[in-house]
Amino acid sequence: MPLSPPVQWAQRKDRLYLTFDLQDCKDPTIEVKNDEASQSGRVSFKGNAHSHATGPDEHTYSMDLELYGEIDDSDVKQVKTDRTVVLILAKKEEGPHWPRLLKAAGRAPSNVKVDWNRWVDEDEEGTGGLEEDGFDLSALQNLGGGGAGAGGMPDFSSLLGGAGGPGLEGLRAGEFGEEDDESSEDGDLPPLEGDKPAAA
């Protein structure tokens, strides 16, 4: 029985990022289509890979997602590394951020999580495109074509210009104010103004 792949998502006003956290997923079968009747996009994913959650053994992973809103199924891009498969989906209409990824209300499946490395609040969103989000445009594979499946895409090892590692996981230490473990020191705090130093 296929397992559900770990999926992380983020969005912009005009696009979605879906990251399947799977190692060595060489030939995934991906189908992206727009369902005008339900006014939602649909993503089907199937592939053989390794996962951090399941250990070194290879498993078959499969998942169908019904998205909150409609997408442009002619504008779908993929970036694949040895650790992740990333889909970039254009929304059918640019507008406010979706309140959630999936059509169904309520709690999302446990394997679907927010990609905080890519998340940007709507009021802080820039005007740049994929380059601003750290993508090497030469590494994008266009999958658009009105719902056609895709498989056997070439491997790309360069995803982010400034994040640690070849995947989307792992920001550099200090990016959000954290210090590297090796450089942090627990020194004594200086005395407050007006405090007299303790007697020796």
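Miscellaneous remarks
- Each peptide in 67-74, 93-100 receives the mean, over its residues, of other Cβ atoms within 10 Å, and ordering these scores from highest gives 67-74, 93-100.
- Listed pairs LYS13/LYS77; LYS92/LYS113; LYS13/LYS92 exceeding 20 Å between Cα atoms: LYS92/LYS113
- Taking a ≥ b ≥ c as the square roots of the Cα gyration tensor eigenvalues, the range 7-142 comes out prolate, since a/c reaches at least 1.5 and a/b is larger than b/c.
- Scanning residues 5 or more positions from ARG15 or on other chains, those with amide H under 5 Å from its amide H are LYS91, with H placed 1.01 Å from N in the peptide plane.
- From phi via Karplus (6.51, -1.76, 1.60), per-residue ³J(HN,Hα) for the range 52-65 in Hz, x at Gly/Pro: 4, 6, 10, x, x, 6, 7, 9, 8, 10, 8, 7, 10, 10
- With neighbour counts taken as other beta-carbon atoms within 10 Å, the residues TRP116, TRP9 rank, fewest first, as TRP116, TRP9.
Where a number appears in this text, it was derived from the coordinates with a stated rule and is not lab data. As the structure is a computational prediction, the values presented were derived from the model and not from experiment. For neighbour counting, all protein chains shown are included, and Cβ atoms are generated from backbone atoms with ideal geometry for every residue, glycine included.
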